[in-house]
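Everything on this sheet refers to the single structure shown next.
The values are calculated or read from the model by the stated rules, or taken from the named source; none is laboratory data. What you are looking at is a predicted structure, and each value in this text was computed from that prediction instead of being measured. Note: areas computed on protein heavy atoms with side chains; ligands, DNA, RNA excluded. Shrake-Rupley method; radii C 1.70, N 1.55, O 1.52, S 1.80 Å.
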Amino acid sequence: MEARVLALLMMLSAWSLAAESTATQHADDLKVEVLFSPHECPRKSKKGDLVNAHYDGYLQDGSQFYCSRSDRSGHPQWFVLGVGQVIRGLDEGMKDMCPGERRRITVPPELGFGAQGKGVPPNATLVFEVEVFSVSRGPRSMEAFKEMDLDADRSLTPSELRRYLKAEYEKGGKRKEESFYDGIIDDVLRKSDRDGDGTISAAEYNVYEHDEL
């Protein structure tokens, strides 16, 4: 669900990747290491962008507690950056990433799961290895909503989402299996369909509370 989804396989074949290892210390002890960076960067991620990424989560002792490659049939995860769909440490640590970039992000407890733990020990420092595949304009603008809302009824149905995704993904001539779109649509509905009616209303879509929606 986006205005311009990048053709992933075509982009990966065109990029020439360079390996770097640089570290930056951020506020609140968030540590970001750039492991791989592409020579070309058509768009850097910012708050509100739609990001497609794999990420693996580890404790400081090296034990793994999450792997997106083994979750939900191994599809990379789609989420809007900076709006709380992932923990704050990833929202912050994944800013300014290029498609094709890989980072190691060390997240202090206050930017992770805190004292509650939620599947990890309380007050745990977490280490994520992240690989971004695409960065595109976020799905929450008035323009993007109107482009997808084909019948102008102020709600997005799965068929409208599918039609839009297919048009964007297949511009380069690469066809995708229907199951590929099923996974994306299921993920988008799971995160945005708050009332469970099987559609995304203008209110559910409008996470930034734009007046024009």
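Taking C67, C98, C41 and ordering them by how much accessible surface each has at a 1.4 Å probe, largest first, produces C41, C67, C98. The three principal axes of the C-alpha atoms in segment 45-90 carry coordinate ranges of 32, 25, 14 Å, sorted with the longest axis first. Largest first, the residues V127, V135 sort by 1.4 Å accessible area into V127, V135.
Rounded to the nearest 10 square angstrom, D197 shows an accessible area of 90 square angstrom against a 1.4 Å probe. If you sort the three axes of the alpha carbon gyration tensor as a ≥ b ≥ c, you get a/c of 1.5 or more for segment 109-169 and a/b above b/c, which makes it prolate.
All distinct Cα pairs of segment 39-152 go into the 1/r average, and the inverse of that average, the Kirkwood radius, is 15.1 Å. Note on K95: accessible area is roughly 80 Å² with a 1.4 Å probe, heavy atoms of protein only. Between the amide H of C67 and those of G57, distances stay under 5 Å, these residues lying 5 or more places away or on another chain, with hydrogens modeled in the peptide plane. Exceedance of the 19 Å cut-off in Cα-Cα distance is limited, within the set K146/K166; K47/K191; K44/K191; K31/K191, to K44/K191; K31/K191.
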